[in-house]
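Visitor: Here it is: the structure, laid out below.
The values are calculated or read from the model by the stated rules, or taken from the named source; none is laboratory data. If you're wondering where the values come from, they're calculated on a predicted model, not measured in any experiment. Note that we place each Cβ from the backbone using ideal geometry, even for glycine, and neighbour counts take in every protein chain shown.
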Amino acid sequence: MTSVATLQPEPAPILACTVSRDVQNFELLIDDMERELGEAWGDLGFDDALIFLDQPEAETLEFIAVAVDAQDESDLTRISEVVRAALAHRVKVILVANQISPMVLHQLMRLGADDFVPYPLPDGALHDAIERIRKPEPEAPPPPALEPQPAAAAEERPAFKAKGDRHGVLLPVHGMAGGTGASTFAANLAWELATSDKANPPRVCLMDLDFQYGSISTYLDLPRKESVFETLTDPQSADSDSLIKSMQTFNERLHVFTAPSDMLPLDIISGEDLGRLIDMALANFDFVVIDMPSTVVAWTEAVLTRAHVYFALLELDLRSAQNILRFVRALKAEALPHEKLRYVLNRAPKFTDLSAKARVKRMAESLDIDIEVQLPDGGTQITQANDHGLPLAESAAKNPLRKELQKLAKSLFDLNKAAEAGKS
């Protein structure tokens, strides 16, 4: 005779759990979880999740959906413990975030969360996230046979130690509009400065402070180091030695502080802290070239006030003209040293294009500025050099743009050398 116990179906195993302070604040998440999993899911608080993950019942878990909102930002430590515990038990983590700051979101994703969906949930967003985490991970290819690598292929780090014996020249580069070639200008100017004197080359540092779309590492084919993120997120602990160690050396001449590997908010560092990092760089390098974001941020003032020359890249178009007017007006309103700006016209008209040259003159007069440097259009060789991760001097030495940058770097080097001689 069959017992009553055998007639009762066993409860379905729990395949997923929501983890939140109060799941009722995420009603759309409840609906989507029921649609995707039926009754094979549960809900836990943050403390309960830490206990449940250690129970045998948790062995069937595929993933947890950690739902957080702005009120949870003060409890980030406990939420981080839940994410770490899940990953330790090989349980996938989907982060459901409602109006949390970019910095908190970035920290949680860096802990190893497998996917992220915003709240309110877009149609099908949770379904797509579940499908992605359920895909089997591709098998790792067999390790390649070890071959001796040439010395140039190894990651190059600065070989000198910080002594604070320099009084560097700060040269920020700021594009007045997108696509004006500011990063190309910064990378190649820094390289031309680093190679301006073969017998006694100056020590040059290139810093990419566009924390979101910085491309200096691409243009010089350098990896983005984790130490850059650590320096930016904890600048008060950084000293000259740690700052230099976070840099890489390109072709044994140019020292590069790349943008971080992940997209960070531009206000992740304060003006005071960034100014301190720049001061340390100036104390250990002869020239510090900074690739600035096109956006004006809170710490732009810290860079501008320390700059010896602040290069403003523009093109012969209306957007550049309008942005220059707004930029100068903002600097004047804050009583900042707008006279440090040096305007550089990229893709300038050719010598024979008289009508375009007249437009350049009218543009300068209408903006009440002096366009001191005009750079020719380097053509497709510029894109090719950037894609190959090489300065123009290495890939297209006879390019007209490279020749103008070489002249500019030589004049800056000679001026600095004359100024140092005058001080002594």
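Okay, residues lined up against (1) touching a Ser or Thr at 6+ places or on another chain (Cβ under 9 Å); (2) under 17 Å from residue 186 (Cβ atoms); (3) among the aliphatic types (A, V, I, L, M); (4) at pLDDT 95 or above:
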residue	(1), (2), (3), (4)
225	yes, no, no, no
240	no, no, no, no
245	yes, no, no, no
255	yes, yes, no, yes
279	no, no, no, yes
285	no, yes, no, yes
301	no, no, no, yes
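Visitor: Additional query: Please go through the stretch 61-83 and pick out each residue that is within 22 Å of residue 132 (Cβ to Cβ) and either aliphatic (A, V, I, L, M) or surrounded by fewer than 13 Cβ atoms within 10 Å (Cβ to Cβ) (or both).
Guide: 61, 64, 65, 66, 67, 68, 79, 82, 83
Visitor: Tell me, which residue of the stretch 230-250 that is assigned to a loop (DSSP other than H, G, I, E, B) and touching a residue at least 24 places away in the same chain (Cβ under 8 Å) is surrounded by the most Cβ atoms within 10 Å (Cβ to Cβ)?
Guide: Looking at the filtered set, the residue picked out is 247.
Visitor: Here is a further query. Within the stretch 153-161, is there a residue that is at pLDDT 75 or above, of a type in the set (Lys, Arg) and surrounded by 10 or more Cβ atoms within 10 Å (Cβ to Cβ)?
Guide: Taking every residue of the stretch 153-161 in turn, at least one turns out to be at pLDDT 75 or above, of a type in the set (Lys, Arg) and surrounded by 10 or more Cβ atoms within 10 Å (Cβ to Cβ).
Visitor: Something else now. Search the stretch 294-309 for residues being out of contact with any helix residue (DSSP H, G or I) (no Cβ under 7 Å at 6 or more places or on another chain) and part of a loop (DSSP other than H, G, I, E, B), and hand back the single one that is surrounded by the fewest Cβ atoms within 10 Å (Cβ to Cβ).
Guide: Within the stretch 294-309, the match that is surrounded by the fewest Cβ atoms within 10 Å (Cβ to Cβ) is 294.
Visitor: Testing residue 291 on (1) touching an Asp or Glu at 6+ places or on another chain (Cβ under 6 Å); (2) more than 30 Å from residue 108 (Cβ to Cβ), one condition comes back false. Which one is that?
Guide: (2)
Visitor: Please pick out the residue among 145, 177 that is among the aliphatic types (A, V, I, L, M), out of contact with any Pro (no Cβ under 9 Å at 6 or more places or on another chain) and at pLDDT 90 or above.
Guide: Testing whether each residue is among the aliphatic types (A, V, I, L, M), out of contact with any Pro (no Cβ under 9 Å at 6 or more places or on another chain) and at pLDDT 90 or above leaves just 177.
Visitor: Only one of 73, 57 is closer than 14 Å to residue 15 by Cβ, assigned by TED's automatic domain parsing to the domain that holds residue 127 and modelled with pLDDT under 85; which?
Guide: 57
Visitor: What are the residues in the stretch 77-105 that are under 24 Å from residue 121 (Cα atoms) and among the small types (Gly, Ala, Ser), if any?
Guide: Of everything in the stretch 77-105, those that are under 24 Å from residue 121 (Cα atoms) and among the small types (Gly, Ala, Ser) turn out to be 80, 86, 97, 101.
Visitor: Something else now. Please report, ordered by residue number, the strands (runs of 3 or more DSSP E) entirely within the stretch 25-126 with at least 1 residues that are under 23 Å from residue 268 (Cβ atoms).
Guide: 63-69, 92-98, 115-118
Visitor: Do any helices (runs of 4 or more DSSP H) lying entirely in the stretch 345-424 carry at least 3 residues that are in the same structural domain as residue 318 (by TED's automatic domain parsing) and within 27 Å of residue 322 (Cα to Cα), and which ones are they?
Guide: So the answer is 354-367, 400-423.
Visitor: Residue 49 fails exactly one of the following numbered conditions: (1) of a type outside the set (Lys, Arg); (2) surrounded by 15 or more Cβ atoms within 10 Å (Cβ to Cβ); (3) within 17 Å of residue 121 (Cβ to Cβ). What is the number of that condition?
Guide: Of (1) of a type outside the set (Lys, Arg); (2) surrounded by 15 or more Cβ atoms within 10 Å (Cβ to Cβ); (3) within 17 Å of residue 121 (Cβ to Cβ), only one is false for residue 49: (3).
Visitor: Among the candidates 318, 313, 331, 336, which residue alone is touching a residue at least 12 places away in the same chain (Cβ under 8 Å), surrounded by fewer than 19 Cβ atoms within 10 Å (Cβ to Cβ) and closer than 19 Å to residue 174 by Cα?
Guide: 336 is the lone residue from the list that is touching a residue at least 12 places away in the same chain (Cβ under 8 Å), surrounded by fewer than 19 Cβ atoms within 10 Å (Cβ to Cβ) and closer than 19 Å to residue 174 by Cα.
Visitor: Give the residues of the stretch 177-209 that are among the acidic types (Asp, Glu) and buried (at least 21 other Cβ atoms within 10 Å of the Cβ), sorted by residue number.
Guide: 192, 208
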